[in-house]
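The values are calculated or read from the model by the stated rules, or taken from the named source; none is laboratory data. All figures in this text were calculated on a predicted structure; none of them were measured in a lab. Neighbour counts run over all protein chains shown; Cβ positions are idealised from the backbone, glycine included.
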Amino acid sequence: MTRLSGIRILVVDDEILICEVLKDLLSLYGAQVDLCYDGQSALSFLSHSTYDILISDIRMPVCDGPTLISLIPQKTRENLLMYFCSGYNDLSIENMKQLGVRQIFAKPFNIDQIMNVLIVDLKK
Amino acid sequence: MILFRFFKNIKHYLWRSQFVLLFGTIVSLLIAIYFYQEVSSKEKKIVQEQISKVEHDFGKIFEIFTHPLEGIKSSIHFAKFNFNHNDFQLAAESRNYFKNFEGAIGFGFIRKIDSESVDQYVEHQKFLRPDFQLKWIDEKSQNHDIFVIEMVEPIATNKPAVGLVVSSEERRRNAAVESMKSGQPIVSLPIQLVQLQQSEPGFLLYLPIYQTPTTPPSEEQRLSQLYGWAYTPLRLSAIIKYIQTQNPSLTIQGIRIIQNENELSVYQKDGLIESNNNINISLQAYGKNWSMQLKTERLNMWSAKIKATIIFLLSFMTTLILFYALRHQENVLRFNSELIKRTKSEVDQAVQIYSEQKLFLQKVIDNIPAMVGYWDKNYRNVLANNAYYNFFGLTPQQINKMTIQDLLGDRYFKNEPYVEAVLKGHEQSFERELMTPQGKRQTLAKYLPDIVDGEVIGFFVVVFDVTEIRELQEIERKQQEKLNYQSRLTTLGEMAGGIAHEINNPIAIIKGKAQLLQLEMDLNLKDHPQVNSMKNHLQKIDQTVDRISSIIKGMRSLSRNADEDVMEYGSVNDMIDEVISVMREKIKLSGVHLSLDKNIAENTTLFCNKTQLQQVLLNLLSNSLYEVALLSTEKWIKIVVQNENKHLKISVIDSGKGVSAEVENKMMNPFFTTKPPGQGTGLGLSLSQNIIQKHGGSLDYSLLDGHTAFSIKIPIRQFSGKVA
């Protein structure tokens, strides 16, 4: 249960309970999880701290997922694994790849699936 | 008869007037000529009679004077030549000659005296009548016999004649000689009588007296035996007066004596001699050839001519009237004939046009792909096209004038309400299935009233074959239904999309919490006696959430989604392998044998939405697995991949024995499922079909060698890009 120990994860979702569930789940695997409820504050978090993984909702008020990612500085992106977690995917695979998002986790997500992906991606 | 035929047969009635004119003119002429001839011959006859009378009278007048001369002659003979002038005087008085023979100046005796006896004679006479002396007229011939008027009575008026030597003048002598020679009474040429003071022509009429009482037969005897002459001097005027009195209708214009080819005018009427209406007659009387010019009142040929002309004109006018009447009639006839001819040609032309148009009309209606007919208000057929009469197996001649009752026979009762209604002016329309040589056909019959001036005079029947239309309509209706259905599904999908977004977060939370609880139980409640039971509950929650999720996901996929529409070239082998790898474990656990039969090239690609296509394959495999797992023996699933007519065909065949017809009809409907409640969403096949159709392909169920088979067929597009 320590597969994610030492990994810093930033979860962005306007649904607080989603954030909390993800935080609880990922924390169980040893990850250090910060939560943001909108894109603006996520950018602020990213500029102040260093994260290994970003898991963001797509549809959010004020600043949605794709906007958030496009606003992340290139330097920060280089060492950041970015994922979307959405219940309703209106992005094409092309768009997703252009943005540099590695995977979309469909809601309701399965923690095992997420873990498998993250572990694999972190190993690379 | 010939004429009648001439008039009747040949169109020569137009020449009747001319014929009548010609004929009438000829007839008029003939009538006029006939009349003229009749009249003129009558006239001529009368004239001829008059001429005969004149001739008779002319002869008679000398005859009248001859009688007293005969008397003198007989007296002389009776006296045996022994009488003197006193005896003669007595005889004359006793006969009262002058009263009876008006016109004669007197009657006398002329003696012939030898030349030797002249002096002796004169002496003897002087003895008897001292004043007697010979009177010579022209010449004094002593050597010839002389003819001397010895006696003449009445002496009072004839004194100058006594002793006149008539032989001393040619005309008197010639007549005397002629009379002596012929023994006939002879009249002299006109002379101036000595008794008359005025110049007035007269004649001497001689009757010879011979020594024998009868006239000697030969001239020689007559010359030798002549004793003398009885004679009478006659006035011309008296003769003319006599003839004129006897023939009052005639006027004597002139009298001539023709002698030795010379004409000697005896009498010429005073004043103008009218040349018209003159007739010349010639006759011989008393030794002279007489020629008379007479004017007759009767011989007026002009009147005959005028009458004939009038008759001709009357007749001709009648002809003309007839001619004009006929000509008028002819003109009317000619006009009528022209009119008839023209009308006839117009009618012919019209008839031709009519028949051409009728043929054309028949051709037109024959080519109408419907049965067309027309019935009059007495239910009789007037018109039918070939489709119509062929349907009833009749010829156009047979159907014509046939009643609709006879045509339809027992079937009529079905059409009767429509027929009655259309004859009341209401258009009728009804559909019926008819048996035709082409088989069962759906037909639409229309009865259209033919209304003229508000009255129904008949109705049109048009029967269309609407089989194709109805079939097409049915197809269209089905397509429309399908479209509507698609549209409803799309709406449902879009709704689901909205719902999904709203519901996924809550269920993600539930699922997340359930997983969290499980993880926490694993970490903290490992030894709790109820941990497995609790974990089981949590798994059920997890699975239920997945069910909700899959329902929503399925519903979402019914809508068009930009992401899901992404099509790309993908390797068919990879796709199938991925699906099998996902399912392999589950299949193996179910004790089912899975085989793969790939008959395609290793690098075969398909232009598709890989995820969706895999979803379909998964769905089909899941369905098969579910069904096969229920079987007790022979559990297998076979995947066959092959090329077929530029299509890629992927068949999932299992050992099942197919589905019931009821299921087959409904299995593609959304939310239809044969699984127990809670085990299937009923969206699988519906979604799969939807996806395959979006790929331009088809998803079909069939029974292959008695086994259930679902086949996907997707058209293969030529690869033109990179493999994703």
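Numbers below:
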read-out: B:LEU223 vs. criteria assigned to a loop (DSSP other than H, G, I, E, B) and more than 20 Å from B:VAL54 (Cα to Cα); value: no
read-out: Residue that is within 12 Å of another protein chain (Cβ to nearest Cβ) and either touching a residue at least 24 places away in the same chain (Cβ under 8 Å) or crowded, with 21+ Cβ neighbours inside 10 Å (or both), where the choices are A:ASP13, A:ASP52, A:ASP24, A:ASP34; value: A:ASP13
read-out: Filtered residue count, the stretch B:46-95, keeping only those that are aliphatic (A, V, I, L, M) and within 21 Å of B:ALA238 (Cα to Cα); value: 6
read-out: Verdict on A:VAL62 being away from chain B (no Cβ under 14 Å), among the β-branched types (Val, Ile, Thr) and either out of contact with any Asp or Glu (no Cβ under 8 Å at 6 or more places or on another chain) or in contact (Cβ under 8 Å) with a residue 40 or more places away in the chain (or both); value: no
read-out: Residues of the stretch A:22-67 classified as of a type outside the set (D, E, K, R) and in contact with a strand residue (DSSP E or B) (Cβ under 6 Å, 6 or more places away or on another chain), total; value: 17
read-out: Cβ-Cβ under 9 Å pairs, at least 6 apart or on other chains, the stretch B:513-529 side more than 8 Å from every other protein chain (Cβ to nearest Cβ) and surrounded by fewer than 17 Cβ atoms within 10 Å (Cβ to Cβ), far side in a helix (DSSP H, G or I) and β-branched (Val, Ile, Thr); value: B:ASP522/B:VAL531; B:LEU525/B:VAL531
read-out: Filter result (touching a strand residue (DSSP E or B) at 6+ places or on another chain (Cβ under 8 Å), of a type outside the set (A, V, I, L, M, F, W, C) and within 27 Å of B:PHE607 (Cβ to Cβ)) within the stretch B:630-653; value: B:LYS638, B:GLN642, B:ASN643, B:GLU644, B:LYS646, B:HIS647, B:LYS649, B:SER651
read-out: Single residue of B:LEU407, B:LEU444 found to be more than 21 Å from B:LYS358 (Cα to Cα) and in a strand (DSSP E or B); value: B:LEU444
read-out: Test: residue in the stretch B:594-609 that is in a helix (DSSP H, G or I) and modelled with pLDDT of 80 or more; value: no
read-out: 2 or more residues modelled with pLDDT of 90 or more and within 22 Å of B:ASP522 (Cβ to Cβ): qualifying helices (runs of 4 or more DSSP H) within the stretch A:1-77; value: A:16-28
read-out: Subset of the stretch B:492-509 [in contact with a helix residue (DSSP H, G or I) (Cβ under 9 Å, 6 or more places away or on another chain) and more than 7 Å from chain A (Cβ to nearest Cβ)]; value: B:LEU492, B:GLY493, B:GLU494, B:MET495, B:ALA496, B:ILE499, B:ILE503, B:PRO506
read-out: Criterion violated by A:LEU91 - all others in (1) touching a residue at least 40 places away in the same chain (Cβ under 8 Å); (2) within 11 Å of chain B (Cβ to nearest Cβ); (3) part of a loop (DSSP other than H, G, I, E, B) satisfied; value: (1)
read-out: Inter-residue pairs, beta-carbon under 9 Å, first without any contact (Cβ under 8 Å) to a residue 12 or more places away in the chain and in the stretch B:584-606, second outside any helix (DSSP H, G or I), 6+ apart; value: B:ARG584/B:LEU594; B:LYS588/B:LEU594; B:ALA601/B:ASN643
read-out: Qualifying residue in the stretch A:100-120 (condition: of a type in the set (S, T, N, Q), closer than 24 Å to B:GLY512 by Cα, within 14 Å of chain B (Cβ to nearest Cβ) and surrounded by 19 or more Cβ atoms within 10 Å (Cβ to Cβ)); value: no
read-out: Residue selected from the stretch B:531-573 under the condition part of a strand (DSSP E or B) and either touching a helix residue (DSSP H, G or I) at 6+ places or on another chain (Cβ under 8 Å) or not hydroxyl-bearing (Ser, Thr, Tyr) (or both), by the criterion modelled with the lowest pLDDT; value: B:GLU568
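The rows are residues; the columns are (1) surrounded by fewer than 15 Cβ atoms within 10 Å (Cβ to Cβ); (2) closer than 25 Å to B:VAL39 by Cα; (3) modelled with pLDDT of 80 or more.
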site: B:ILE258; (1), (2), (3): yes, no, yes
site: B:GLU261; (1), (2), (3): yes, no, no
site: B:ASN280; (1), (2), (3): yes, yes, yes
site: B:LYS288; (1), (2), (3): no, no, yes
site: B:LEU299; (1), (2), (3): no, yes, no
site: B:ALA308; (1), (2), (3): no, yes, yes
site: B:MET317; (1), (2), (3): yes, yes, yes
site: B:LEU322; (1), (2), (3): no, no, yes
site: B:HIS328; (1), (2), (3): yes, no, yes
